[in-house]
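The values are calculated or read from the model by the stated rules, or taken from the named source; none is laboratory data. Just so you know, these numbers come straight off a predicted model, no measurement behind them. Here Cβ is always computed from backbone atoms with ideal geometry, including for glycine, and neighbour counts include all displayed protein chains.
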Amino acid sequence: MGFFSRFGLPPTPPVKRPRDLAYASMERPPLSALAILSVQHAATALALIAYVLAAAHIGGLDAEATRQMVSATIIGVALSTALQAWGGRTGSGTMLVHMPDPLLVALSGLVCAEYGAGGMVIVCIVNGVAALGASYIVPHLRAVLPPTVAGVVVCVGGLSLIEPALVHFMGLHENAADSTDLVLGGVTLLVIMALSIWGSRGMKLFALLAGMGAGIIIAALLGKLHGGDALLHTPLFGLPSLQAPNLGIPSGVLVAVGLLALMTQLDTFASVVLMQKMDDADWRRANMRMVGGGIRANALGNLLMAGFGGYPSATSSANLALCHISRSTSRWVGLAVAALLLALAFMPMVARALTLIPTAIIGAVELYAAAYLIVSGIQLIASRAMDARGIFMVGLAFVAGMGVMFMPNLSDLLPEAIGFIARNGIVVAGLTAILLNLAFRLGSSQRSSQNLYDAQSSRELTEQVTEFVESAGAAWGARHEAIRRAAQASMEAVEAINTSGQGRRATLIRGRFDEFNLDFEILHQGPPLVLDTAGKPSIDLLDADDADFDAALERTMAQVSHTLLLRLADRVHADARNGQSSLRLHFDH
């Protein structure tokens, strides 16, 4: 740890540390824990090199060209992971590990088949440029990308993992399950769950590694470890070579690559938000500066390794799940993972050995990742109040995303130029959520008001105020806790105004909202309310004379109301403008 202590990481916005984390974002784990965590994350990311192997197989690349692409891809994954952990202007400042982008398997395979490794140089450059542009645009789209949109993307991402996870976990071939694979996957998943639920703090750190280790041991005993010959013929050390770009790729293919790169940034956005939520016990909203940095790290990693002809990367949902299992989000782990991956990029034999892990074991990890992402997405969606607009936005986005998964032939109904976009449920759900969110914002205002003249009783007035605050908050998509406080404070404010005498009577309540501020203002007749904050709201009413009892009770209740009001709202201000008195309540959001 002496080396690490020589420098510090760029700071991130202050957060409230979750109590259940073993190592929070800025905390340095001990060397032993750092080694265990970095090996687990590196092994998980390297297991997903299968996407690169699939693209190379589609493209018909030989063994040497495939090795070159794998090594170059690992370099890009390592660079993006390091930039994410480092933060500042070139990263999110979170423990996000990258993996090969699953959206590009088919397209990259076709590019390799037609244009060779030089074609992948152009693919990486176009991908990086598109993502780099998005990194400067997305931070200004806070209204377009609320937590509910991120929740939809995260949840559908988890749902999309179910089918491949079950296929891998059960060893499904032609609708028949492999009993040996079921044993391998079952043992792996049981060990992961047992250690992450009932294990001690130290045991939780290596729950995934222990589960995969148990699965590999069972696989060796059952004769399910294959690929030894290929491993022996893989060189121990190797340097990736620079590739000459192939400039003959049609513009239509490049447009498709750019669009898919933009779609991938939806996943990056959701991953950064999820890490922010995991890092902050008092999380309220997405920090869009960190989101922009996360997208920029993805772009720069792909651009820096483009010359080697690698395969573009994206954030890894499996590694997000590992952060949850180990209860560790330390950025120092991200830097250690990046260093380990960079070293392994020049050791093809080690990388090849990790890709030989039986698919049933990878399926168990994917199942845990799917469960974690589904629940996390639901929590993000539920963090905001919703009215009919929000319900339709979330519901129809799920229908669109799941419809593509259940009926993949739907993409054949679209023009070929855009049909490739409709083949991925995550992309379809995310785009649907964004478009519906934009459409539903038309005609809706972030300001609202309601007259209070027609209330016939104190109870009816209270119901009017509560209904107004709750319905306005739901229409604006404000947090549940902020709406609850605002409704209670508004009720107390109206009660304080109407019972304070001097002809005061509440006549109108109005509110406005943005992602940072929730404000309500109550207009009333009579002079501005004088908030009584002196002393404690208590009095011995039993000692008061009958003549003074009513007045003493009224003063006591006013003190109680004023004290509650000042505690519920973050700021309270009473004044008069243009002959109209008002009481303004501000709530940080």
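Return yes when ILE295 is among the β-branched types (Val, Ile, Thr), surrounded by fewer than 24 Cβ atoms within 10 Å (Cβ to Cβ) and assigned by TED's automatic domain parsing to the domain that holds LEU79 and no when it is not. Walk me through it before giving the result.
On the way: among the β-branched types (Val, Ile, Thr): yes; surrounded by fewer than 24 Cβ atoms within 10 Å (Cβ to Cβ): no; assigned by TED's automatic domain parsing to the domain that holds LEU79: yes.
Here the answer is no, as ILE295 does not meet what is asked.
Just checking, how many residues over the range 447-485 are buried (at least 18 other Cβ atoms within 10 Å of the Cβ), at pLDDT 90 or above and under 21 Å from HIS562 (Cα atoms)?
6
Given the conditions (1) of a type in the set (Gly, Ala, Ser); (2) surrounded by fewer than 24 Cβ atoms within 10 Å (Cβ to Cβ); (3) within 23 Å of ALA65 (Cα to Cα), and given that GLY309 satisfies all but one, which numbered condition is not satisfied?
Evaluating GLY309 over (1) of a type in the set (Gly, Ala, Ser); (2) surrounded by fewer than 24 Cβ atoms within 10 Å (Cβ to Cβ); (3) within 23 Å of ALA65 (Cα to Cα) leaves (2) as the failure.
Between LEU236, LEU247, LEU266, LEU232, which is in the same structural domain as VAL138 (by TED's automatic domain parsing) and either crowded, with 18+ Cβ neighbours inside 10 Å or modelled with pLDDT under 85 (or both)?
LEU266
Would you kindly identify the helices (runs of 4 or more DSSP H) lying entirely within the range 322-398 that contain at least 2 residues that are at pLDDT below 85?
Working: elements: 331-344, 348-355, 359-382.
Where helices (runs of 4 or more DSSP H) fall fully within the range 322-398 and carry at least 2 residues being at pLDDT below 85, they are 348-355, 359-382.
Among the residues in the range 72-79, are any in the same structural domain as LEU205 (by TED's automatic domain parsing), within 20 Å of LEU208 (Cβ to Cβ) and under 21 Å from the mean Cα position of the chain (by Cα)? First the steps, then the outcome.
Within the range 72-79, the first condition is being in the same structural domain as LEU205 (by TED's automatic domain parsing), and the residues that meet it are 72-79.
Remaining after also requiring within 20 Å of LEU208 (Cβ to Cβ): 74, 77-78.
Then keep just the ones that are under 21 Å from the mean Cα position of the chain (by Cα); that gives 77-78.
Scanning the range 72-79 turns up at least one residue that is in the same structural domain as LEU205 (by TED's automatic domain parsing), within 20 Å of LEU208 (Cβ to Cβ) and under 21 Å from the mean Cα position of the chain (by Cα).
Take GLY60 and tell me if it is at positive phi, in the same structural domain as LEU303 (by TED's automatic domain parsing) and within 22 Å of the chain's Cα centre (by Cα).
no
List the number of the failed condition for TRP86; all other conditions in (1) among the hydrophobic types (A, V, I, L, M, F, W, C); (2) more than 21 Å from MET290 (Cβ to Cβ); (3) modelled with pLDDT of 90 or more hold.
So TRP86 meets the others, but not (2).
Would you check if SER80 is hydroxyl-bearing (Ser, Thr, Tyr), at pLDDT 95 or above, in a helix (DSSP H, G or I) and in contact with a helix residue (DSSP H, G or I) (Cβ under 7 Å, 6 or more places away or on another chain)?
yes
How about the range 486-503: which of its residues are touching a strand residue (DSSP E or B) at 6+ places or on another chain (Cβ under 9 Å), more than 18 Å from GLU460 (Cβ to Cβ) and surrounded by fewer than 20 Cβ atoms within 10 Å (Cβ to Cβ)?
Within the range 486-503, GLY503 is the sole residue that qualifies.
Tell me which residues, restricted to the range 274-321, are touching a Lys or Arg at 6+ places or on another chain (Cβ under 6 Å) and part of a helix (DSSP H, G or I).
MET288
Give the number of residues within the range 168-183 that are within 17 Å of ALA369 (Cα to Cα) and either aromatic (Phe, Trp, Tyr) or modelled with pLDDT of 90 or more (or both).
Total meeting the criteria: 2.
Residue under question is SER241, and the condition is that it be assigned to a loop (DSSP other than H, G, I, E, B) and of a type in the set (Ser, Thr, Tyr); does it hold?
Considered against the rule, which asks whether it is assigned to a loop (DSSP other than H, G, I, E, B) and of a type in the set (Ser, Thr, Tyr), SER241 comes out as yes.
Taking the conditions exactly as written (assigned to a helix (DSSP H, G or I) and of a type in the set (A, V, I, L, M)), does VAL183 satisfy them or not?
yes
Does the range 186-222 hold any residues that are of a type in the set (A, V, I, L, M, F, W, C), surrounded by fewer than 18 Cβ atoms within 10 Å (Cβ to Cβ) and either not in a helix (DSSP H, G or I) or not assigned by TED's automatic domain parsing to the domain that holds LEU166 (or both), and which are they?
LEU222
Looking only at the range 135-157, which residues are more than 22 Å from TRP476 (Cα to Cα) and either surrounded by fewer than 24 Cβ atoms within 10 Å (Cβ to Cβ) or modelled with pLDDT under 85 (or both)?
Matches in the range 135-157: SER135, TYR136, ILE137.
Suppose we keep only residues that are exposed (fewer than 13 other Cβ atoms within 10 Å of the Cβ) and in contact (Cβ under 8 Å) with a residue 12 or more places away in the chain within the range 12-30. Which one would you say is farthest from LEU205 (Cα to Cα)?
Only one residue fits best here, namely PRO13.
For the range 158-180, give me each residue that is part of a loop (DSSP other than H, G, I, E, B) and surrounded by 15 or more Cβ atoms within 10 Å (Cβ to Cβ).
Residues of the range 158-180 part of a loop (DSSP other than H, G, I, E, B): 161, 171-172, 174-175, 177-178.
Of everything in the range 158-180, those that are part of a loop (DSSP other than H, G, I, E, B) and surrounded by 15 or more Cβ atoms within 10 Å (Cβ to Cβ) turn out to be LEU161, GLY171, LEU172, ASP178.
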